[in-house]
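Step one of this worksheet: look at the structure below.
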Amino acid sequence: MVVILNHKHTEEEKLAVIRIMEEGGVKVMVSKGQETTILGAEGNAAQVDQERITLMPGVERVMRVSEPFKKANRKYHPEDSVYSVGGSLMGSEQLFVIAGPCSVESEAQIIEVASAVKASGATFLRGGAFKPRTSPYAFQGLANDGIRLLQEARQETHLPIVTEIMSTDNVEMFEMCVDVIQVGARNMQNFDLLKQLGKTTKPILLKRGLSSTIEEWLMSAEYIMAGGNERVILCERGIRTFENFTRNTLDLSAVLAVKKLSHLPVVVDPSHACGQAWMVERMSMAAVAAGADGLIIEVHNDPKNALCDGAQSLTPAEFDAVMDKLRTLAPLCGKRL
């Protein structure tokens, strides 16, 4: 249930409505926008007297909400959520770009790439320290050493760092060391991990699962938000379909769908979606045209010799060319870079 108060409501009228809602057995979320105030019911609102609330002073209208996700729902929070991280506003008119290698391989590599992507205009540095790989024999990342090297690159370039968490055992370390915590596609429904991340204060970049519906994706965001951390960024990174020409199938319609259903920022990862570097430029442009708030692009200083995902990684020069085109395109789509 959502109760929309009119713009002339008083504080006493608002508190009276909240009291009646709580008597019906729900918790009440208050979302105050520039023009409206919305009271959202958390829990089973079946016992809340909707007709009585409709007739109360200060109430404009009452709506039932059928979607199971509440905190992530735009009906509860009609204005876009914007998060300030390291001087960038995620979810605003500013198009934020997260760039860097799939994996942190060495100090020289991560600092060279970090310096290059910053010079091209990237706002965040990405790099995997803990790597979930399909094969147990593939490179699994440098683990704690990878986190240390990311911190060194951040100190060198002042770029906030984004990296993927794999286990609840590392939540405390990531809280201390990382600016944005990424949850990978394979962990989108690792509910124990999501619950723990709900207790953190860092923004969570939540990738869509390989075969997950949009509702399942938003429900995973709900797990984090229900725990108290409402700074969630959703990432479309391609889903598994019957097509095997690309690594995955990039679902740009999901960007539009999520922006309609939810107030959370949405970013697109064309690198993991396509799996082929030559596709990344056009898919990045298409993502911006579809309304994405940001991009995640893999960049490596020597893709042919990368320890993982070299085929989808741009060189620094290629990334710079993409950023030049995005600077031209972004204003046409209501964004700036």
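Exactly one residue out of Lys202, Lys207, Lys195 is among the basic types (Lys, Arg), over 28 Å from Lys118 (Cβ atoms), in the same structural domain as Thr123 (by TED's automatic domain parsing) and modelled with pLDDT of 95 or more, and it is Lys195.
Every residue, every condition in (1) touching a Lys or Arg at 6+ places or on another chain (Cβ under 8 Å); (2) touching a residue at least 40 places away in the same chain (Cβ under 8 Å); (3) not assigned by TED's automatic domain parsing to the domain that holds Thr328, yes or no:
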{"position": "Leu39", "(1), (2), (3)": "yes, no, yes"}
{"position": "Arg52", "(1), (2), (3)": "no, no, yes"}
{"position": "Gly58", "(1), (2), (3)": "yes, yes, yes"}
{"position": "Gly127", "(1), (2), (3)": "no, no, no"}
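With respect to (1) touching a helix residue (DSSP H, G or I) at 6+ places or on another chain (Cβ under 9 Å); (2) farther than 30 Å from Asn170 by Cβ, the lone exception for Glu112 is condition (2). Note on region 176-190: among residues that are free of Cβ contacts under 8 Å to residues at least 60 places away in the same chain and part of a loop (DSSP other than H, G, I, E, B), the one that is farthest from Pro132 (Cα to Cα) is Val178.
Candidates Met56, Met29, Met21: the one that is over 34 Å from the mean Cα position of the chain (by Cα) and among the hydrophobic types (A, V, I, L, M, F, W, C) is Met56. For region 1-80, which strands (runs of 3 or more DSSP E) that fit wholly inside it have 1 or more residues that are closer than 23 Å to Asn229 by Cα? In region 1-80, the matching strands (runs of 3 or more DSSP E) lie at 2-5, 27-32, 37-42. Is it the case that some residue within region 210-228 is β-branched (Val, Ile, Thr) and farther than 20 Å from Val267 by Cα? No - not one qualifying residue is present in region 210-228. Taking the condition under 28 Å from His158 (Cα atoms), within 13 Å of the chain's Cα centre (by Cα) and not acidic (Asp, Glu), does Lys199 pass? No; evaluated as a whole, the condition is false for this residue.
The values are calculated or read from the model by the stated rules, or taken from the named source; none is laboratory data. From a predicted model like this one, the values you see are computed outputs, not experimental measurements. With ideal geometry, Cβ positions are generated from the backbone for all residues, glycine too; neighbour counts draw on all protein chains shown.
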